[in-house]
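The values are calculated or read from the model by the stated rules, or taken from the named source; none is laboratory data. Since we're looking at a predicted model, the values are computed, not measured. Methodologically, a virtual Cβ is constructed for each residue, glycine included, from the backbone with ideal geometry; neighbour enumeration extends over all protein chains shown. Note: accessible area is taken over every heavy atom of the protein model, side chains too, but ligands, DNA and RNA are not part of it. Shrake-Rupley method; radii C 1.70, N 1.55, O 1.52, S 1.80 Å.
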Amino acid sequence: MSVPMALLGLLDREPSHGYDLKHDYDAYFARGRPLPFGQVYATLARLARDGKAIVGEAEPGAGPDRKRYTITETGKSEVEAWLAEPIPAEPYLQTDLFVKVVLSLMLGRRAEEYLDAQRAAHLRRMRELTELKQRDSLVDTLLADHGLFHLEADLRWIDLTEARLAALAEEVAS
Amino acid sequence: MTGANGSSLVQAGGVAIEGRNLVLSFGETPALQGADLCVKRGEIVAVMGPSGSGKSTLLYCLAGILVPDSGEVYFDGQRLDAMREAERSRLRRDRFGFVFQFGQLVPELTAEENVALPLLLRGTHREEALREARSWFEQLELEGMERHRTGEMSGGQSQRVALARGLVAHPDVLFADEPTGSLDSMNGELVMGLLTRVARQQGSTVILVTHEPRVAAYADREVIVRDGRVSSMAPVMQ
Ligand SMILES: Nc1ncnc2c1ncn2[C@@H]1O[C@H](COP(=O)(O)OP(=O)(O)O)[C@@H](O)[C@H]1O
Ligand SMILES: [Mg+2]
């Protein structure tokens, strides 16, 4: 995830203090991995250096982090371009899932057992994410659904692979 | 093989319904070959597995719609499979609810009449049954459609009506066979959210057949049917 672009995007709403940006970042994007203050201020300093944001004067009576940041025109057009640009359609072709199956078959192990255990783990996680959706926050639901569809894609692959294990075993053995 | 799992639940008490060593063939085709499933009261269990593995047949046996060639079905301490058909059909009417892939509503009846049907069959007075049925439409997000004929409703709308019909009489067990099978993702989410919320409120046990993992994820646990047998995915205790 691009932390600089996320912070710059949040700053595009209105001029903000570093503390407020960190707060909103943590609320929407961090998912249990809050952004350290150090990283917030280092990132904001870099955005300012590159002309994407302007640092205001420190406000009187406040600590060193009571500075307001404002996005520049350069920053705004960067956010605009970034939002519209599709991310690479990453097909996860180097997943451990795949390597484990192929190696199991090469080594003559029972890949079914691994796939069953993986299926159970995936479904367990899917139940947790589904529970998250019952909390009536659409933002939580949006994120949970994203995870759920990806896990479901893995599961379809697991089912199909399991159905083809005998043929696969022949192919990798030769 | 999976019997150990079943009997531990029996000892814990609170079993809603249990099938033991169920075998059933359609002519030469074996559909169930020793299936075991034990479901606790109030539990929501997803039955998953490849197409043709015997999921629906298992559901129909547990619900007393089909009678297994051998094996036993226990509901509320009674042998469902050993009852006479009239007794079984009374039990289905009074204690069970059903939702199928294609709503199987009565197209000539209005939406509220369809929902009221299980109550009417149980002998509830018509006005009371319809009042109860109408009270469902807000949470179904179908307000204003009470008097529409279900033949004129969209797939998603009629499946929500079918769900209400399945749950309106507070069944001990709701049997749902691919209830989202004909729906798009959005309508599937609506139906599953509603199904699990209401079933948990009412304390209804749910047996949910589905091949979709996202639907199964609404359940408390899942079992997988393969070649007419149930393999539990619960961690193996040793
Ligand atoms: N009414 C029927 N007549 C003949 N064969 C049937 C009938 N119902 C199911 N079967 C067969 O029994 C097997 C299990 O079917 P079913 O329980 O419907 O599987 P699933 O619901 O998992 O797709 C399949 O081979 C199917 O073709
Ligand atoms: Mg079926």
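Taking the criterion of being assigned to a loop (DSSP other than H, G, I, E, B) and under 29 Å from the mean Cα position of the chain (by Cα), the residues of segment A:100-138 that qualify are A:134, A:135, A:136, A:137.
Taking segment A:160-173 as the range and being within 11 Å of chain B (Cβ to nearest Cβ) and surrounded by fewer than 17 Cβ atoms within 10 Å (Cβ to Cβ) as the test, the residues that pass are A:160, A:163. Within the bounds of segment B:165-172, is there any residue that is within 16 Å of ligand 2 (Cβ to nearest atom) and either surrounded by fewer than 18 Cβ atoms within 10 Å (Cβ to Cβ) or in contact (Cβ under 8 Å) with a residue 40 or more places away in the chain (or both)? Checked segment B:165-172: no residue is within 16 Å of ligand 2 (Cβ to nearest atom) and either surrounded by fewer than 18 Cβ atoms within 10 Å (Cβ to Cβ) or in contact (Cβ under 8 Å) with a residue 40 or more places away in the chain (or both). The C-beta contact set for segment B:41-59 (first residue away from every other protein chain (no Cβ under 14 Å) and free of Cβ contacts under 8 Å to residues at least 12 places away in the same chain, second residue part of a loop (DSSP other than H, G, I, E, B) and within 8 Å of ligand 1 (Cβ to nearest atom), distance under 6 angstrom, 6+ apart or interchain) is empty.
Per the listing A:156, A:124, A:135, the residue uniquely open to solvent by 40 Å² or more (accessible area, probe 1.4 Å) and more than 11 Å from chain B (Cβ to nearest Cβ) is A:135. Quick one: is residue A:112 open to solvent by less than 100 Å² (accessible area, probe 1.4 Å), over 28 Å from residue A:143 (Cα atoms) and within 14 Å of chain B (Cβ to nearest Cβ)? The answer is yes for residue A:112. I'd like to check something: does segment B:64-72 contain any residue that is of a type in the set (S, T, N, Q), at pLDDT 95 or above and under 11 Å from residue B:229 (Cα atoms)? No, every residue in segment B:64-72 fails to be of a type in the set (S, T, N, Q), at pLDDT 95 or above and under 11 Å from residue B:229 (Cα atoms).
Quick grid of which residues meet (1) within 16 Å of ligand 2 (Cβ to nearest atom); (2) more than 26 Å from residue B:160 (Cβ to Cβ); (3) basic (Lys, Arg):
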| site | (1), (2), (3) |
| --- | --- |
| B:42 | no, no, no |
| B:45 | yes, no, no |
| B:74 | no, yes, no |
| B:86 | no, yes, no |
| B:118 | no, no, no |
| B:121 | no, no, no |
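One residue stands out in segment B:95-124 among those that are farther than 17 Å from residue B:151 by Cβ and assigned to a loop (DSSP other than H, G, I, E, B): the one that is least open to solvent (accessible area, probe 1.4 Å), namely B:124.
Here's the yes/no breakdown for (1) away from chain A (no Cβ under 14 Å); (2) closer than 30 Å to residue A:160 by Cα; (3) assigned to a loop (DSSP other than H, G, I, E, B); (4) open to solvent by 10 Å² or more (accessible area, probe 1.4 Å):
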{"site": "B:151", "(1), (2), (3), (4)": "yes, no, no, yes"}
{"site": "B:160", "(1), (2), (3), (4)": "yes, no, no, yes"}
{"site": "B:176", "(1), (2), (3), (4)": "yes, yes, no, no"}
{"site": "B:192", "(1), (2), (3), (4)": "no, yes, no, no"}
{"site": "B:195", "(1), (2), (3), (4)": "no, yes, no, no"}
{"site": "B:200", "(1), (2), (3), (4)": "no, no, no, yes"}
{"site": "B:211", "(1), (2), (3), (4)": "no, yes, yes, yes"}
{"site": "B:218", "(1), (2), (3), (4)": "no, yes, yes, yes"}
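Of the conditions (1) open to solvent by 50 Å² or more (accessible area, probe 1.4 Å); (2) acidic (Asp, Glu); (3) farther than 22 Å from residue B:14 by Cα; (4) away from ligand 1 (no atom under 16 Å from the Cβ), residue B:69 clears all except one; give me its number. Evaluating residue B:69 over (1) open to solvent by 50 Å² or more (accessible area, probe 1.4 Å); (2) acidic (Asp, Glu); (3) farther than 22 Å from residue B:14 by Cα; (4) away from ligand 1 (no atom under 16 Å from the Cβ) leaves (4) as the failure.
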